[in-house]
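Read the structure below first, then the notes.
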């Protein structure tokens, strides 16, 4: 299948890549850009493991075509930590509060939580549970994920003061 | 969430919430799971699956697929060497070599195509022509046991979870155990309750699909990157199926995105190895989510009949447990294990357990977290709850009266060592949750008790001491949930060094001795024990080295808490780091190693639950209001992770209780093979889970460790059923207790 050229900004860097029109953004991120932190759990928009932020909007990248990234910004899990290796507050709290077990859903949860905290910096437990209900975790039972997001929200709010 | 824990502080590393060594990689996306492996020249393969539940394969024509541009090779069962009787067939692994004469379930793998891209491979599948002669399928285990039912196999493999079963009928194996005189027992009973229960097929629901990359070298040796729970089983099964020596197959376990029993067997690796051999290129196969649902092994559905008899004063006197587990297309449902633990938590002098392993034309089932126990506990704890109601006894008091304790004998007749059944029940009884009255219409509270045997088995480990006093540990247990942390902590504790000085890596099958897979709640217990023994070996060798440096007999040198010292001469003393710095110049480095098989020290364990819930009488929907779990973990290695096990297992149990099931149509086709329609709990479905960690040290383990991972899924369906009864007066006897079933039960009760 003939490939097309796509220009996008991925994690702050302008990139140009070839992609088949039938390839999903998830495939492009993983197989073309080799950013394998974004995971495939279901490939039909039901688990959130492939969550990325596309032009400021949280998406399941398996349900977006790669060509749709043309002219847009894409944020993946690889873009969260600072360039000097400093972890994002969400990465810090997931780690410190045992918010992960196997780790496969973790990048999607962290990206999803980042989008949530950007729109609601101080969410209640219910708002976190609602906001993250597009993400499946089979290991943790969600307790520690909810607590990690709550704590990261506090850290981010305090950092802004 | 909130944890009450009475903690002994005798340890320096164990029992602390250290930072997990793989954590940063997992929160930054750096951790490499199987589908993240990219090799130069790698091809992508897809698997063609049977559209019929039961059919003869007349012919397979792959010529059109091979003509497609970008298609590199196709594999069918003809590419596999003949399977030697008695090797892989005994392991139940034959079907990873693709269907040959018959397909036995819808989703049974028939062929696979390797191509330049997954899209091309997918397209090529539709060009493979398979001619089937459709046979009558049997989908219900009770029908499968009837005379005249369609027969799946010429003969059945009688081994199930280490137990040898008897042939019952063409599709069924059985295991029967008994104790005392059951008829006499029921005559002595004042109250008898008998009921039937069923549970549906459910899936482990790991978020990462099965995936592997396989590279076959020109000399025939095979390297496998795989998301697997047991790399050595993957290696052995693959070597058997390909007729290769075991040292020609190397399995590199990648990070694993959940397993829960579902990733114990190599569905993809043998066929990928043949595709790689045919093409001379590495081949990746990653399952789609529907492949995972239809082509891997879910947990077995069940039909159970339970009859319990008790005295008015609460003592259980007789029990009869009859259960059929639906094995799927090949035998191997966890009957042996369920027979062993089915009634194991109570002292019942007269008992009969009859378990059946029944093949039907559905996916071949696999273990799922405490295999068989959740089904059995749903039924037996349900009957116990009803007995309590009839006798008029508090459900915790009833269980305290009957629960087994140290010295009581298990079903094999072996007396229990110290166990924590009483402790978990007392913890629930004394919890803030249980003491707080529940009010409001359609609300109810339920309790239940769960028992699990836990596992032991072989593990290997080695530890290298570096000149700066840090150490590297290598071991062979894939880390599903943080086990490498707990294993490393046990080594650090034994060496008397800080956890930060330990680097622990899960390595491939060439680099460490045989290690059984990460299943059966065995990993922190058995591989942890291997790490302890390897650390003791390090200590022994370092004592010898200190003695040679000091020119004193080794028996005069002692080690305690990471310090080596002469027992009489206070001037002769090395810290671990000081002695480590001397090693290379005084005879070379120290490497400690170990192989353990600690089956005898395994500590069985209990969990007890109390749950409050509300039933919506209009819709039948059940909302969990509050949940508390108390579990005996022996010794909590990393309390944060232990809590995580309790919370996660409980929520899986809630999903099993309230929502999850395979919907099969009359042709054996699963009709809900996506995460949209197979509804697992999301964050919004559950409250915080209150955990109470009970530490009754296992006398069989150096640090008192018991298995933790499985026990917590066993009890929720039973506790929730009891709470629903308490809320609306209906006895739920079928899982899942989803809104439709609850409503149906309510209507029946109200005479609709």
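Read-outs: derived from the displayed coordinates by stated rules, not from any lab. None of the values given here were measured: they were computed from a predicted structure. Here Cβ is always computed from backbone atoms with ideal geometry, including for glycine, and neighbour counts include all displayed protein chains.
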Fill in: Inter-chain shielding of B:642-651 (mean C-beta neighbours from other protein chains, 10 Å cut-off)
5
Practice prompt. Give me the distance between the Cα centres of segment B:410-456 and segment B:539-590, rounded to whole Å.
Written response: 48 Å
Worksheet item: What is the mean projected area of the alpha carbon convex hull for segment B:255-403, to one decimal in square nanometres?
Response: 11.3 nm²
Worksheet item: How big, in percent, is the set of alpha carbon pairs in the protein assembly as shown lying more than 37 Å apart?
Response: 47 percent
Worksheet item: If each of residue B:133 and residue B:221 carries a label point 7 Å out from its Cα toward its Cβ, how far apart are those two points in nm?
Response: 4.6 nm
Worksheet item: What value does segment A:4-79 have for Rg/Rh, both radii from Cα atoms and Rh as Kirkwood defines it?
Response: 0.91
Worksheet entry | Value of D in µm² per second that Stokes-Einstein yields for segment B:546-703, Kirkwood Rh from Cα pairs, at 25 °C (0.890 mPa s) | 114 µm²/s
Worksheet entry | Alpha-carbon Rg with Dmax, taken over segment B:507-617, Å | 21.8, 82
Practice prompt. Arrange B:572, B:129, B:200 by Cβ neighbour counts within 10 Å, fewest through most, would you?
Written response: B:129, B:572, B:200
Worksheet entry | Highest average packing first - B:430-439, A:106-115, B:707-716, Cβ atoms within 10 Å | B:707-716, A:106-115, B:430-439
Worksheet item: Roughly speaking, what is the centre-to-centre gap between segment A:36-51 and segment B:56-81 when only Cα atoms are used, to the nearest Å?
Response: 31 Å
Worksheet item: Just from the alpha-carbon atoms, what are the Rg and Dmax of segment A:89-160 in angstroms?
Response: 10.8, 34
Worksheet item: So what's the gap between the Cα centers of segment B:110-134 and segment B:662-714, to the nearest angstrom?
Response: 35 Å
Item to complete: Tell me what chain B gives for mean residue ellipticity at 222 nm when only DSSP H runs of n ≥ 4 count, each as -39,500 (n - 2.57), the sum divided by the residue total, rounded to 500 deg cm²/dmol.
Response: -8000 deg cm²/dmol
Worksheet item: Tell me, what is the Rg over Rh of segment B:104-178, with Rh the Kirkwood radius over Cα pairs?
Response: 1.16
Worksheet, complete the sentence: One would report the Cα pair-distance distribution of segment B:42-148, bin width 10 Å, in %, as 15, 38, 32, 12, 3, 0
Fill in: Convex hull per residue volume in Å³, alpha carbons only, for segment A:1-160
106 Å³
Worksheet, complete the sentence: Computed over chain B, the relative contact order (Cα-Cα under 8 Å, seq sep at least six) in percent reads 16 percent
Worksheet item: How far is helix A:106-119 tilted off the main Cα axis of chain A, in degrees rounded to 10, range 0 to 90?
Response: 80 degrees
Item to complete: Over 38 Å, how big is the tail of the calculated P(r) for chain B, in percent of all Cα pairs?
Response: 41 percent
Worksheet item: Between residue B:560 and residue B:514, what is the FRET efficiency for a Förster distance of 35 Å, r being their Cβ-Cβ separation, to the nearest 0.05?
Response: 0.60
Practice prompt. Taking the Cα atoms of segment B:663-744, report the difference between the largest and smallest coordinate on each principal axis, in whole Å and largest first.
Written response: 53, 34, 26
Discussion item. With equal scatterers on the alpha carbons only and no solvent term, can you work out the Debye log10 of I(q)/I(0) for segment B:439-590 at 0.15, 0.16, 0.19 1/Å?
Written reply: -0.78, -0.85, -1.06
